[in-house]
Structure formats: structure tokens, C-alpha cells
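Read through the structure below, which is laid out as C-alpha cells, and then see the notes.
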Amino acid sequence: MTITTVSPLARAVRRKTLTILPPSLLACALAASMAAHAEPVALDIPSQGLVGALNTLAKQANLQLLYSPDAVHNTPAPAVKGNMEPEQALRLLLRDSGLTYQLDGHTITLSGPADASALNLGPVNISGRQFDATTEDSGSYTSNAVTIGKGTHRLKDIPQSVSVVTRKAMDDQRLDTLDQVLEKTTGITTYQSPSGGKYIYSRGFEVETIQYDGVPLDRRYYGIGSSFTSDTLLYDRVEILRGANGLLQGSGNPGAAINLVRKRPKAEPSLSVTASAGSWDTYRQTLDASGPLTADGRLRGRLVAGHEDRDYFYDTAESRKNVLYGILEYDLSDSTTVAAGASVEDLHSTPYFGGLPRNKDGSAVNVGRSTFTGADWNKWNNKQTTYFADITHDFNEDWRLKASGSYIRETNDILYSFGRGAVDPATGNGMQSRAYLYDFENINQGADINLTGKWRAFGHEHEVVVGANASDLRTDDLQGGLLNLGAMNIYNPVSPREPTLDEMLSTTYAGVSKAKIRQNGVYGVMRYKLIDPLTLVLGARVSNYKYDYELTRFTTTSPDPSHAKETGEVTPYGGLIYALNDQWSAYVSYSDIFKPQTELTEDLAPLKPIEGSNYEIGLKGELMDGRVNTSFAVFRVDQENRAQYDYNSVCGQDGETNCYVAGGKVRAEGFDAEISGEVLAGLQLFAGYTYTSTKFLNDPGDGSSASGSTFNSYTPRHLLRFWGDYNLPGELNQWTVGAGANIQSKNHNTNQGGTNGIDKIEQAGYAIWNARVAYQINQNFSVALNGNNLFDKKYYSSIGWLNASNVYGEPRNYTVTLRADF
């Protein structure tokens, strides 16, 4: 379709036509014009409500647009900048609105979804689905909807705490890795792993499963630690649902579910290029190109590439990373779309694993943050190759079938040394250089198929989701080392010699491990509207799980293989949502999850699974015509059946065999509050606060902690994260300023074994302040300066124990980014 010139005669006729329309269809003329060409027009429309955006488009492009006030709601509209055809800009503005448009002579008329069947919508047909969770080009820190629960739902219609980190939020704060995203998210904490990645915690419990476009995969299982890392260049958004989510992803802990939503091809051509330079010789370049590949727009593609070369604030370490992502999407028909793609993330680095020790009295060592106790021959080569595909079929505007699958092969080649041991502060002595070798390979496969739909009964609309998913993880890991390379002085650390392969594989630590984790399940959930304001949510999953692990030591007798198997494990889910009005809803919910165990009872039978339960009551609001989402939730998470050592059994007394009972229980409780979106004109805000208290309800049975003591002391009781970004008004609207902080209360880590009579390593609370200033040079180019830790706070991002694993947070640093959008 094209927008043709409106002649003076046509405008006069149109004015008369407007005077005789019925009141219900009386249209508002946004602007009258001399011409409305199909030629590109210079546009600069900031993110705002849809009504304001349409008015701005009409003014800048000299359009005449007609719409019924009853049909057009002031939903959020994305920012539109650049040279483009007015119709192209209109499509972008209307993409998430549920509105359609029709070309009738010289006038474009907007219509609501109810009229869509009578229109020839072409490529903008949305099949009657009102909400689009895509965050790209929205210019917003919030989203109209999320897809983490299958289908597409508004945040206020989900009876659990949910956060969304949008593409704009990631770009503004330069959140280039998943752990950086999570460290700016409500209630999430991370802890540095000894093999490159980071452990992720929510509500005191580790998150071990990551969803990729709704397909759950176990990304935590390695021979030691966690090497999982992910670049965010591939993703449109990150969705986080706090609490248990066994209904849709199977086994795990009751902390959170994390869904990574990949970028999809765009209907209109686009090209984005960035180049950045930052502290410690950090350089990053990205390219993102997308658009239709055929004249009719049925075949669309996208290519994303990135390169990063960087040093670190500590000595010696460096890394190089390449990211490549491609996806094709094809409309087999008006109702069926298939997509397939692949990605590669390739990292080569000289890492610093192991962190710093403490002084013998438990105090922090008196060294600079640049201190490196590793070796110049340290290496970490990580490669993740992913293939994925999905197909979506809309039977009609109410029923949709979707099938998705992912395959990931990850390899890690790691050789490193670090200094370990408590330090004498007077001399700097006490450490020994330890060397480790790891060669990991894991293959992760998963698939999900689900049917989502709506039906009407007793005067109300109801929803249902039924589906099944399965995953298969296989690992083949080699480990070696635990080798002492000699003494090291922390005040003058010197790189130790590089050991030979024979040395690394001849220790009692060396061996090969193989693991298989298979699980599958069927699930269903129904949203039944009991009365107009009250919706009942009920669901359940039936899961099967099998785990096999075997370790073969090269020089010693290996432990017996470990196995776990669960069949027909039922995971229930339930909630009530009460719509207080169009903007606010209150809810209560219960969610459940299980985690199999390999420990054995006195009868040599595996313990029954750990059970995690999440109880939650909350309030959610969708304000300012959907531009702002806010929530408040009170939660309690119980995890029971945790393995306890059985001292009273025969095997507990002979000192040779380990036996356990499923008697341990822990609890996390507290509340969280969050607000995100355009709280004032031009001001995008994200703010989240969490209070969390964790404790043992039963002694774990090994004497390490008494009932009532803290279960996860690393999780701070108070955690506040916020970031605001303000586009200045008037003549200064080319400037944007942003600022935010991560603030937390004190926390501590248990000192392993109580060495030197020290039970814990504690860190006082701290605040890290960050800021940004950006300038829109013209319609295509912008430049931004980001500053992190502006007050140069010296703190530990991960607290270890006396001998090692104390990792400093980054000192003050800056990054300048040049961005071009076409």
C-alpha cells in the first residue's frame, strides 16, 4: 500500500464526510496536508503514548489520519527516528497497539481489532492477538506482556513476581552479558564460580535451569563449578519469574525461572552498528541487520555479529570474544510461521580464577585491586554452538499451536593456577600456587510443544495451555591437577612454572566423569474466570526424571556411580487473580517444584526428591495506559526433604558408608516491590527492592548449622536496584541523562572448616553508583558515555573464605559508545 497525495478538493469532500458520520464513528483529523508522499520523510518521534505519537507523525509527515477515539487507546508507542516512508513509520507505531489501518482513497483510517476481519491488512495482520511482548524499538523499560508462562500475558495477569529487562534497558546500561543483566534485576544475586561462570541465586536458592524461548535446559551441570556464560547481543529481552516454576520447566530449585527471548527478524529493513571503547583497553563492535528477503515480505532474516577485545582491572588477564547469530523466518501461510537459526559464542581468554585469600585473622589483604595471583599461561577457551527452530500455527484468533526445539554444544578447555592460603599480613607469605586442568563437553537438547487457546462459557472468556517438553543433557568431562606449584607471596606474586600434562593427570584428583540427565513431562494450566473480576488459575505437571553419573579416577578407586530416577512426579500450581479495576489486580498463588537426590538411605535406596514450595500474595498495577508496570509481593519459600546425615544408622556408625534421611528443611521469606516504565514524560525508570530472610528450620544433620540459623548468608537481607533515563525536553531533547545504583546490606560467607577459628567472612553493606549521558547527533547517529562505580567504591563482588575466592568488584570505569541506526 502507498499513501497518496490529498488534493484540496479531496480534503474539502473529506471535511463534509466527517460532518455526517454517526457520533460513534466521528473521527479526529490529526492534520491536514498539502501532500502525503510515499517518499521517505525525516522523522524524529520520541517514545510516548500512541495518541501523542500519531499526532507527531501527522505533523512531521503532513498526513491526514482518521480514527475513532473509542478505538484508539493511549498504549505505549516506540520511538521512531530516521528517513522512512510515512506508512512504514505508521506500522512501527501501531505494531503493539492491536490496531489496524485501511487505505481508502487518500485517507488512512485506524480501526480497532474488532474490525480487523473486514480489512486487508497485508503484512501487519496480527491474527487478532492484542499483546506483543517484543521490546525492541519500544523505547521502554517495561513490556506490555511476557511469554515466560507460555502464550502471551500481561504482567498483572500472572500471579507471581515477574521482571522484564528490555532491550533498551540493556543498551542504556551496557549490560552485555547475562550475569550483568541479572545483577541489575530485582532480587537476583550472583556468585563467582571457580571455572569462569557465575552461580545465580533468587530468594536464596540457586537457579540451575535457563529457558531459551520457553525451552528449558540445564545450564549448571559441569565437572566443577559453572562455566556457563552468555552474551546478550542475541536477545530481545530477559524475563525473570521469581519463585518455583516446576509447572513448565520440570525439576530444579524454587528460586526463579529465567527465559532468554531471542531477537526475531523485522518486517522492515533495519541496520544497527555500534562501536565502543572503555577502560582497561576494552573494545566492542556489533552489527545487527534485519529485514524482508522477498518482495512480499513472507521471508525475513536477521544477522547479528559482535566482537569484543578487552583487558581487566587486574593484571595479566585478557579476553577476546566473537558472537554470531542468524535466523530466518518464513510465513508458510497467513496463519503458519516457521523459523530456524543458529548462534556461536566463542571466547578465548587469559583468565583469573580463584580470587584472593584473606589474612590469617580474617581481615582483607592489604593489596591493590589489580593484584593477580594466577599464571601468565592461564587459559579458558569456551565455545557454545546453538541450533534452534520453531513453528507457530494459528487455527484462528483464539487458538495457537507452537513447537520449539534447541540444541547446544558447549566445550571448555581450561588450564589455570591461582594462589591459595591464608596470608601473614606482616610478610605476605602463606599462599601456595595451585594448578587445575578441565576439559568439559556438554550437549544439551530440548523441545517444547504447547497449545494455547481461549473459549467462552457462561458469559466469560477462559484460557487453557496444554503441552509437553523434554530435555537431554550429556556431559563428558576431564579434570586434573590440584597440584602444588610452590609458595607465593601476595605482595610480590610471580607466575609459577607451567606443569606438564602428565603432571596434571597423575594426581589423585585427576579423572573422567560422564553424566546423563533426561527429563520429560506433560503439563496443563487453565485460567477460568469465575466472575468478572475473579480468575482462577489451576495447573499441574507430571514429570519423569533420570540421572546417571560415573567418575573414573586415574590413580585411585572412584566412588560408586550415582543414580536418581523419578517417575510420575506431580507438580501442582494454583492461584487467584482479582481485578480491582482496569489498572490494578491482587493475587494469591502456590507453586511447586521438585529436585531428585542421589544420597542413599540405610536400605541403600535413593532419598525421595527435595520439594520446593512458593507461597505468594501480591498486588500489581498497569498504569498510564500501559506505560508503567508496578508490583508488590510477599513470599514464603519452603524446601524440604533435604539430605541429612543419619548418625543413628549402622552405616552412620561404621565410618565407612554414608547414609542419609530426608529430614532437612529451609525457608526463605520476605517481600519485593518493583516499578518499571515511563513514569513521567521522557523518564524511563526501573526500580526494584527485595527483603529476604533465609533460615534452617531443621538442622542439616552434619553439625554445620543449627535450626534457626541463616540458610543462605550470601543473600543480603536488603537489596535495592534502580536506574532512570531521562530524555530532556524542548531544545535539549537531543540529550539524555541516566543514573542508578546497586545498594545492598551486609552479607557473609561461611569460612570452610572454620579455619583459624574464623567461622565467617563478612562484608558491610555498600552502594555502587552508575550514570550515563547520551547525545543524538542526528537521525542516524548517537553517542553515549557510561560511567560505573563513580565513587570508586572498593568492595568484593563475591565473598569467599579464608584461603581463596574473594573477588573484587570493578573500580571506577568508563565506556563511550557510538551507535548508528538506519
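Of all lysines in the structure, the ones whose alpha carbon falls short of 24 Å from that of residue 608, not counting any fewer than 8 places away in one chain, are 514, 516, 546, 565, 595, 665, 695. Count Lys and Arg as plus one, Asp and Glu as minus one, and take only other residues whose Cβ is under 14 Å from that of residue 804; the net charge is then +4.
Counting protein heavy atoms only, the stretch 429-472 has 56 percent of its accessible area on carbon and sulfur, 1.4 angstrom probe. The peptide list 334-340, 794-800, put in order of mean Cβ contacts within 10 Å with the highest first, becomes 794-800, 334-340.
Accessible surface of residue 647, taken over heavy atoms with a 1.4 Å probe and every protein chain present, rounds to 120 Å². Working note: 222 nm ellipticity from helices only, DSSP H runs with n ≥ 4, each -39,500 (n - 2.57), summed and divided by the residues of the chain, gives -2000 deg cm²/dmol to the nearest 500. Ordered from highest to lowest accessible area with the whole protein assembly present and a 1.4 Å probe, 182, 293 read as 293, 182. Once C-alpha pairs closer than 8 Å and six or more residues apart are averaged by separation and normalised to the residue number of the chain, the relative contact order reads 10 percent.
With every protein chain left in place, what is the accessible area per residue of the chain in square angstrom, probe 1.4 Å? Per residue, the chain has 41 Å² of solvent-accessible surface. The listed residues 526, 170, once ranked by accessible area (1.4 Å probe) with the largest placed first, stand as 526, 170. Amide H contacts for residue 660 (H built 1.01 Å from N in the peptide plane; partners 5 or more residues away or on another chain; cut-off under 5 Å): 600, 601, 602, 646.
Straight Cα distances below 12 angstrom link residue 263 to the aspartates and glutamates 136, 137, 213, 236, 288, 329, with same-chain residues fewer than 8 positions distant left out. Taking all protein chains as shown and a probe of 1.4 angstrom, residue 554 keeps an accessible surface of around 100 Å². Shown here: the chain, whose C-alpha atoms stretch 98, 58, 43 Å along the first, second and third principal axes, sorted largest to smallest. For the stretch 150-211, the residue among 163, 153, 189 whose Cα projects farthest onto the positive side of the dipole built from Cβ charges is 153. With a cut-off of 12 Å between beta carbons, the residues surrounding residue 431 carry a summed charge of +3, where Lys and Arg count +1 and Asp and Glu -1. Separation of the stretch 486-551 from the stretch 379-400 is 22 Å, based on Cα centroids.
Here the extension length gained between residue 550 and residue 762 equals 72.6 nm, from 0.36 nm per residue of separation less the Cα-Cα distance.
What is the Cα centroid distance between the stretch 132-197 and the stretch 715-752, reported in whole angstrom? Cα centroid of the stretch 132-197 versus Cα centroid of the stretch 715-752: 15 Å apart.
The values are calculated or read from the model by the stated rules, or taken from the named source; none is laboratory data. As the structure is a prediction and not an experimental result, all values here were calculated from the model. Positions of Cβ are backbone-derived with ideal geometry, glycine not excepted, and every protein chain shown enters the neighbour counts. Accessible surface areas use protein heavy atoms only, side chains included; no ligands, DNA or RNA. Shrake-Rupley method; radii C 1.70, N 1.55, O 1.52, S 1.80 Å.
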